1. Out of every Cα-Cα pair in the chain, what percent are more than 27 Å apart?
2. Test of understanding: in a Gaussian network model of the chain with alpha carbons linked when under 10 Å, which of GLY16, GLY100, GLY60 would top the mean-square fluctuation ranking?
3. Please identify the GluC sites (Glu not before Pro) of the range 99-208 that satisfy two criteria: DSSP loop assignment and at most 10 other Cβ atoms within 10 Å. Which are they?
4. What lysines does LYS108 reach when the alpha-carbon gap must be under 29 Å and sequence neighbours fewer than 8 apart in one chain are set aside?
5. Out of GLN140, HIS95, PHE123, whose Cα points farthest toward the positive end of the dipole of the range 92-159 (charges: +1 Lys, Arg; -1 Asp, Glu; placed on Cβ)?
6. Using the Kirkwood radius built from alpha carbon pairs, what does the Stokes-Einstein equation give as D for the range 63-119 at 4 °C and 1.567 mPa s, in µm² per second?
7. Whole Å is fine, so just give me how far the alpha carbon centre of the range 113-161 lies from that of the range 194-244.
8. Comparing ASN91, ASN115, ASN208, which has the greatest mean-square fluctuation in the GNM of the chain with Cα pairs linked when under 10 Å apart?
Amino acid sequence: MTSPILRIEDVHKSYGALQVLKGVSLTVQPREVVVLVGPSGSGKSTLLRCINLLNPPTKGRIWLEDQEITAPGVNQDRVRQRIGMVFQEFNLFTHLTALGNVMLGLVKVRKMRKNEARDLAMFELERVGLADRAHYYPAQLSGGQKQRVAIARALGMDPHIMLFDEPTSALDPELTGEVLAVMQKLAGEGMTMIVVSHEMGFARQVANRVVFMEGGVVVEEGTPQQMFEQPVHERTRVFLRNIT
Ligand code: ADP
Ligand code: MG
């Protein structure tokens, strides 16, 4: 039995009096693709933000590989370097080209020399199918291309796990396919991923596991087949029926 990449144990998160996460536990194995679904406001983004310590839990513990990242005194920047994060908004620097955006963290965070950073950034842009757009600025790219640049930027940090928070929700429908295809390719390369998404075709094809959250708890989890065809809970069935 291999040891998990990520272990979340009884995580709670409150904002003042508002309890958003009410005891979430989840374990992710290497190479696993977990698709996280649930109604708006159920705490999916909050959970991802707890995992990468953007918003640490108010209670509970999280391990990344064999390190407890919620322990006092942990170097949060070092933890975040091992966790790639892709958001709905791409957050690219508009004054930098695609290549410049991917190179930035390599130079600033990984302390690479410019030449080395340029080579790796080109490699990552090729990986997402954008080698020919390396010198374009964000304003010259489509939404799908911008999101693929954001994915290349995250990959450049050599993450051990990738977290995607509704990566295609801001895109026109005709542009979601190219982003999902890149994510499917990464899954095929063995990247461990947690993906918050309403793209149930992707969940069926790519997920090893679907996790359904509602009201700050995990209601049910299982293989796509179990979740779509014979969910145990009525709430799961109603939710999945309404989005597929
Ligand atoms: P989801 O991603 O599933 O739609 P979120 O995790 O974004 O849900 O939000 C869950 C709940 O937490 C919502 O009620 C939201 O308003 C609240 N929330 C999220 N972030 C904050 C914050 N920084 N301050 C206060 N409330 C927040
Ligand atoms: Mg969200």
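1. Across the chain, Cα pairs with separations above 27 Å total 36 percent.
2. Largest GNM mean-square fluctuation: GLY16.
3. Loop-located and lightly packed - GLU189.
4. LYS146, LYS185
5. Result: HIS95.
6. Approximately 97 µm²/s, per Stokes-Einstein.
7. With the range 113-161 and the range 194-244 each reduced to a Cα centre, they are spaced 31 Å.
8. Evaluated over the chain, the most mobile residue of the options is ASN115.
No value in this document is a laboratory result; all are computed from the given coordinates. If you're wondering where the values come from, they're calculated on a predicted model, not measured in any experiment. Glycine also receives a Cβ, built like all others from the backbone with ideal geometry; neighbour counts cover every protein chain displayed.
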